Each structure stands twice: as structure tokens, then as C-alpha cells.
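No lab work stands behind these numbers, since they all come straight from the coordinates. Just so it is clear, the structure is predicted and the values come from calculations on it, not from any experiment. Cβ coordinates were reconstructed from backbone atoms using ideal geometry, including for glycine residues, and neighbour counts include every protein chain displayed.
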Amino acid sequence: MPLLKIDDQEIETKAGETILSAALRSGIAIPYYCYHPALSVVGQCRMCLVEVKGAPKPLTACSTVVTSLPPDKKVDGKYDMVVSTKSEITRRAQRSVLEFLLLNHPLDCPICDQAGECQLQEYSYTYGDPASRFDFEKVHAPKRVEIGPHVVYDGERCIKCTRCIRFCSEVTKTGELTLAERGVHTLVEAFPGRKLDNPYSVCTVDICPVGALTSREFRFKERVWFLQSANSVCPECSRGCSVRYDTYKGDVLRIVPRENPEVNGFWMCDHGRLLSERLKDVPRRDRPGIRTEKGWAFYSFEEFWPLFLKRLQAAGNAPFAALLSGRMTLEEMAAYKLLSAKALGGPSGTALNVTGGADDELLIRRERRANLQGARRMGIAVSEENCDVTALLKGKRRAMIVREDVVGDAPEARRPAIIKALREMELLVVAGEAFTATAEMAHVYIPLSAWHEMEGTTVNFLGHLQKTARVLLPPRSRRPFYDVVSAWLKASGEEAPEGGFPAWFAEVKKAVPELSNKSLRDLLPRGLKLSEVAP
Amino acid sequence: MAETLKILTRAVGVQNSTAIDTYMHGGGYEAMMTALHKMSPDQVLGEVKASNLKGRGGAGFPAGLKWSFLPKKREGDKQEPRKFLVCNADESEPGTFKDRLLIENDPHQILEGIVIAGWATQAVGCFFYIRGEMPQGAKIFQRAVDQAYSRGFLGKNILGSGLDFDVWVCRGAGAYICGEETALMESLEGKRGQPRIKPPFPAGYGVYGVPSNINNVETYANVPHIIKNGAEWFKAIGAPSLPGPRLYGISGHVNRPGVYELPSSTTLRELIYGHAGGILGGRALKAVIPGGSSTPVLRAGQIDVTMDVDGLKSVGTMPGSGGVIVMNETVCMVRALHNLMEFYAHESCGQCTPCREGTHWLELLVGRIEAGEGRPGDTERIAEIAGNIMGRTICPLGDAAAMPAESFVRQFKDEFETHIKEKRCPLKAAPMTSRI
């Protein structure tokens, strides 16, 4: 394999490898804008120009492949290529490209959303000149262009790296975008009559190295350096994309994808990303409640458990239905199984397989729940797709529904039958993160923490296990289902794992043999591929 | 003074020269028949290689060598790998108008060269990409193509040789950048005309991803003569570093502007003062751009050089496209450069940074000097910006803009400095701001 030398470092390159990829995997910094590992190489920005020994001019590291030289032609006697990232030729190329890029850039960093995570800022700091020599009026270009429903374009900040264009033509294959005009007036535009409107459109904002494309939902919300971030998993379909939640003062301001080659690559869908907006409208009840003829009464948990257990006993041993959810983590599922065995008389429970739309070629899965694969692995039955809930309730007198809104999510036509079936229950317990239409029909409501408010593990449709994070701290009375179960069993005089997530993860390990020799540390940051998909 | 040649331009002035019968009456298509009937593709390729025919588009790359880069049928292959030829008729370099003369006066000569090249390379056809502003040329060439089909010189199994070869005439939309070979291919495919990054080169990945060979109109036009008269005959014409007949289009302040077919051993002085009849109005010569606007400019004292590669190299410039632009003493070099910089800034495709931003900056700087608002250090800055564009871009347009900028301020530094110091154009009483 060709031997490459960059500065003082020798690198054994792989077949067909470019200077840039060899440098990146060896921890050598070469600045670049238009290059993206998931997109075609265009060599347009010229930021990655480096001096190659023997070449008449600097070459773009992103597009120059290191090839073998015959033994008598080796550079310095042994190398197939010798690159310098610090020589005067390289530095001059870097400085001048940055100078060119900033000529007509508005330098409106103080009011730019990208500030703090902007590659123009980063490279100017590292490679640029402190002063501008451009003493002319800058070229003006369209600003605040609503290029798509979720994306706003600023033609003045744009450096024409074409990452967004290539994303739309190569990744989503929707091809909405193009360069328009010429020379210094070049712009990114949607084709006439089109909008940047595809299920992954906001990914263009992620890959935009500057502030040219901003997210309509996030722009002007907060300076990024004030955000608190936590790595987690998207709950919105069985892909379970690796994501990062960015929060500020208790609100989720944005959700962005994390690179995970085995799960989502670099991308996530707009639906999953815009969960941050939907979270604003979730109707929450922070305390457990019991409904009587006089209506709902809400209690603290200390008051609640005796009242609840009494109510449970009153319902006797009538047949029990448990409707579970792929929105439960593995730990919550383990907790349900223990609860079922010790306090409910052993109903096995069924996780509802809620689907919608179709699988696409990129990420989106029609299975709209993140952890159904986990349910299968935990030995919990998964229903038919969009099954008739009334069939599961048939012949049952008591029911518990966890993390599902069977009424609100039901199609209009089925809803009356479901409502009727729920009304016939002697005891209906609903545990969930939101006070939904189903919860309103319950006799007992137990609030739970939302997906992003708890730690847990989840398995995607490929059998990839990842850990979710407690991105935000919910009120103490909203807690994960496993904590509820611990308290429930304790109140019933049973023994239960204590200590929250780690204790329940230990229970999960018992149920999933493959995890037995793994620690939590093994799950970070990208999770763990379980070897076999459960039958 | 060397006589003008009558090889490529022999049909110019001949009545009805574009008709296939006129062309054949003068011996046309004989070279094609020789090639197809008496020579193997490799023999044709060998002859063109031996002739050292250099590309006439501006870069001067040896044509035979370029042809040989196309993939060949290897042992065990069932059929010839699919490949295309492209004829670059997007002539748009300022000061260059030689291809147009050939297209409009002798289209069959070009066509014959293309078919011979098709035989040598075993290509399936040729895209004739003609500049949008040449509707007449496109019409004439299309008629020539139709005539060639009707005689069986194009199409299936040409003259029983087994060669299936088509020619498609495609019109550009008038962008200078589409004369760059890969931008031309993008444009052919219906995409935005912007150059591709190389490698892969067209010989590996050309039109629609098919291996392609692209040559200039004049290059193809030379091919029938090489086949007919042999490589040795061809090499005997002109200087060794640029053999064969060459078209020089001379424009500007000369008494007889036009296209002259000359051996490259002719000097610039002979062309300007001999063939072109000297400087208009009997004034003094000031500057010459020897090979299209992209080539470095020469001062009046530098014209005693032959117009081949070596001769022009000795004064720091190059033959380029053969478009000679002559400027007399009345020309303000700042204004002339501003005109060129406007052109390149306007024609930059905008994809890569140094050219997109740099050409615009150069236009502004030169324009400011011309307007009497130049600042000390501006000429040095022009040279530095040109240096920062040179060799840093995907395609040669960046270099094409940088070379005149650098050479104008180097060759005519005093004139630029006078503009800056006196805050006016010394050639005019008042500062000029309007375009030429």
C-alpha cells in the first residue's frame, strides 16, 4: 500500500485513499468546507490545498489519491507522496482561500445562528489573517430566503460549497437545489417551482459549514454556547437515530443527528428532529391521580400508593390486559415483567405495533415506535401492525396502558369502539408521560417521565442497542416506569430493585444474555450491535 | 516575409465552398477513404502521433497522445469499449475567431478529420458542440453532416469499413466556461456548465460518463492533411515546437485584421507589419496579446519572436489560441485590463473560491485605478491576487484571468502607477469611467 508522509508522520494508506481521509484518520488537521464523507468529492472550496512535494502547484487534499510510485521514483527514497500542511506554500494557499471566502461575507457573526459552531470562524481563527484588505462594497445577495418550510437561506453568508445541493441530489435523491447565477453572484436556489421540502431537509442545515442555511425552528432561539447538550436516541421510529438534544433552561431547543455509521450515518429525518417543537404542546400532569364520580383528584405519591392499592384490590382478580409500548425502554419492560409476576398475577402484556407511512430507502421506518425490537428480545409479545385494540381488551375487566394513547392515536373510525371497550373496564390504569385522551378515561393515572427525561436502553430494528439519556430533569413526581414499579412493589410489600436505572439495567442484562459481560460504558457513545435478531 | 499557407483555409473565398461536391472536387474525403480502406486504426493513430499535431484550442496538448488515452479493446473483450469524440466549437476566447472561419467556409474538412479520428479511436460518434452565438455556423455544419450521411460518410458501416459513426450537432448557450472541456461536457448533458474536477480525465470519464476525447475544431481540420500528406510533410511546416499550418486571427489596431494561415516560424512582427499591414493610422505599436486574451501581454519591443511555443516562451508568453490582439499607443492599458477583468469576472462559473472571488476583486481594483481612485499599493495587490488565483482553481479560467492581470501590471507598471499618482488616465484629459 502507498506510503504517505504528512509533515513528520508516516501513514500507510489504503487503496484509493485521498490525502484528506488519510490525514483525518491520523489526526492531522487539514481544513476543508466542501468535502463531506457522505457526499461526492467536488474540490470546489479549495480550502484543503496542500503542498505535495514535486507537484508544480498545491493540490486539493480531498481529491488527490495517494498512488504507488515505482521503487526508483519514490520521494525521499521511500515515500509515494510527501505532503506538508505547514509549509509556506500550504499556509499561503490556506490564507488566500480564507481571504477570498471572507471578501463578500457579511461578517455578521454577532447575530448569526451559526456563530460558535461556524467553520468560517474556526478556520479564520486558526488559518486566517486578522485584517481584511478588501476595501470595496461587498456584493449583496438575497437574505432570509424561505428555501423550504424548515430552512432559511442567506445568500451573503453562503460560501457555495454545494454540500446542501449534493445532499439533495445524492442522499435524498430529490434534487431540489442547484447553483444559480455565475461568478461572485452565484447562489444556491431551489429549482423554479420547487422548495427544499423533503423528509430530511434540515440535514442541509447540519452540514452547512457556515450560517447560510439555518433552521426555521431554531434560528434566533439561543446562542449555541449557552446550550446544554446530551447524547440520546430518537424515539420516533424503529430506526432509533443517534441524536443530540440541545437544551436551554429546561426546554429542548433542537435535536440534531449524531454520526453513527451503523444506525443513521450522519442524518435524521425532519419528523424526528421536530419532536423538539411537538414537546412544547404535550399536556402534562405531574402528579398521580385517581378519578371518582366527583372527578379527578391528584395526590403525592406517598398519598397515592395506599389509595391506589386499595382500588386495585377492589377490582379483585378480574382478567387483566396490559397494553405496552415500544416507547418503553428495555428497563421499563423488565420492570413490567417483574410487576406482572409479583403484583398482577402474570398477564404477559402486548406491545402495540403502531405503524404509519412506509419505510423509505434512507432512514424512516413505518414502525413508529423505537423499541419494539427490544420488546421482542425481552419476550414481550408485539401486536399485529396497527391492531384492533378492542380485540386485546376483549374479555378483560382490568387494563393497564403504558406509554400509549390508544384513543388519541386511533383512526377516527375505530375510536368509538375503543372508547366503549375502555368504559367497560372495571379498572383502567394509564401510565404515561402525557395526560392524553386515554388518560382522561382512566380510573388511575400515573405520570411518567418522557423519553428524553430518563435513562434507558433501546434496541432498533437492526438489533442495535443504544442508551438514552436524561436530557432534562422532570419534576420528581414524573419518573421512569421502572421507578414507578419499584415504588409500587415496595408499597405492596414486595422486594424490588432499587437505585433506578443501573439496577434495572442489571435486570435487562439477565434477560438479554449477550449483555451479561457488558457494562454501561460499552454502550457509549454509539451503542452496541447485538449479534442475532430475536426470532 | 513568409507566404500565407493555403492548407486549412484553401476553401476560403471559393464559391459554394460548404457543399460536399465542392469539397470532394478539391480532393476532399480522400484522406478519409485512405484511412478507412488502407490503414488500420493504429496506423492512423501512429501517423497523427508522429506528426506531433498539437491541440489548437489553446493548451497545445499533443492530439495523437490524447487519442491514445482512450480505452482500447483488449484481448478477450467481445466488443470495442464505448467511447465518444467531442469537437469543441465553443470558440469564445476574446480575440479568437479562427474556428468560425473554418466552420462557415469548410465544414467538410472538419467533418473528415472527425471521421478519421473516429476510425483511429474506434469511437461511436462525435458531439459537435458549437457556441450559441454562431447560429449560422451551426446551420452550415448541420447541413454538412446531413450531406455526409447521404453519401454514406457517416452512419452505419461507413464505406464498408465496419465503422459505425455518428455526428450530433449541439448548440451551447453562450457561456465562455463551456469551452472548458469538462464544463462543455456538463453542458452537453444538460447540466449547469461548470468544470469537473480532474482526475478523472475525459478519456476515462467523459460525456455521460463514457470515455471521451475532445479536440478543437482546427485540430480536427488538420487531420485529413496529415493522413493525405504524411507526418513528415506536416512536421516540415513551421517551428518544431508547434508544427503544421496554424491559423492566426489578428484584430485590433492593424490595417488588415483577419485570419492568416501561417507556419509557426513566422514572427509576430511579420504578422503585424507584413500580413496585417501595420498599425492603424501609422501610429506606434504599444502592446500585443499573442494568443487570445488569457495569454500574457507583450510590449512593442518583444515582437521579434516566432509564434511557436519556444519563441513565445522566450518572452514569457504562449501561443494559446492564436488570437493576436494588437493595441497601438492610444490604448490605455489600465482600461484594456479592466475590460478583460470584467469579462473574466462575468464568465467565472462561481464554483471554486479563488476564481469566483478573485476575478471580482481584480475587476474592482483595476476599475478603481481606471476611475482615478487607485491607491498606492494597488498594482502590487493586483499581482498578489493574481498569484493567489494562479494554479489554485479547478479549471484554467482562474489562470486565464490571472495571467493578463499579472502581465499587464508587470509590463506596464509605470502606466498603472501614473494613473494612481495623478488620479487620472494620462491618455485622456479627464478620468474615464465608461466601458470601451
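Quick look at the numbers
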item	result
Relative contact order %, chain B, counting alpha carbon pairs below 8 Å whose residues are six or more apart	16 percent
Percent of alpha-carbon pairs separated by more than 42 Å within the protein assembly as shown	52 percent
Alpha-carbon centroids, region B:98-141 and region A:308-359: separation in whole Å	78 Å
Mean separation of Cα contacts under 8 Å, 6 or more apart, over the residue count of region A:438-535: relative contact order %	30 percent
Fewest-first sequence of B:Asp99, A:Asp197, A:Asp286 by Cβ atoms within 10 Å of each Cβ	A:Asp286, A:Asp197, B:Asp99
Within-10-Å neighbourhood charge of B:Leu8 [Cβ basis; K, R +1; D, E -1]	+2
Least to most buried among B:Thr359, A:Thr67, A:Thr390, B:Thr96 (fewest other Cβ within 10 Å first)	A:Thr67, A:Thr390, B:Thr96, B:Thr359
Selected from B:Ile158, A:Asn386, B:Ala144, residue furthest toward positive end of dipole (the protein assembly as shown; charges at beta carbon)	A:Asn386
Whole-Å distance, taken between Cα centres, linking region A:414-453 and region B:316-377	75 Å
Prolate/oblate/rounded label for region B:4-72 (Cα gyration tensor, a/c 1.5)	oblate
Compactness of chain B as Cα Rg over 2.2 N^0.38 Å, two decimals	1.01
Residue exposure sequence - A:Arg327, B:Arg82 - by fewest surrounding Cβ within 10 Å	B:Arg82, A:Arg327
Cα centre as origin, Lys/Arg/Asp/Glu Cβ charges: the protein assembly as shown dipole, Debye	1400 debye
Gyration tensor (alpha-carbon) shape descriptor, region A:131-246, a/c threshold 1.5	oblate
Nearest-20 debye value, region A:439-535 charge dipole, Cβ charges on Lys, Arg, Asp, Glu	340 debye
Equivalent ellipsoid dimensions for region A:409-450 as semi-axes, Å, which come from the Cα gyration tensor, largest first	19, 14, 5
Most positive-pole-ward Cα, A:Ala61, A:Ser132, A:Cys118, against dipole of region A:55-151 from beta carbon charges	A:Ala61
Chymotrypsin sites (Phe, Trp or Tyr not before Pro) within region A:201-282, DSSP loop, no more than 16 other Cβ atoms inside 10 Å	A:Phe220
Karplus 3J(HN,Hα) series, Hz, for region A:201-213 with 6.51 cos²θ - 1.76 cosθ + 1.60 (x for Gly, Pro)	4, 6, 4, 4, 5, 4, 8, 5, x, 10, x, 6, 10
Peptide-level mean, for A:96-103, of C-beta atoms on other protein chains within 10 Å	6
Computed over chain A: relative contact order in percent, which uses C-alpha pairs under 8 Å that are six or more apart	11 percent
Karplus 3J(HN,Hα) series, Hz, for region A:298-306 with 6.51 cos²θ - 1.76 cosθ + 1.60 (x for Gly, Pro)	10, 10, 7, 4, 4, 6, 5, 4, x
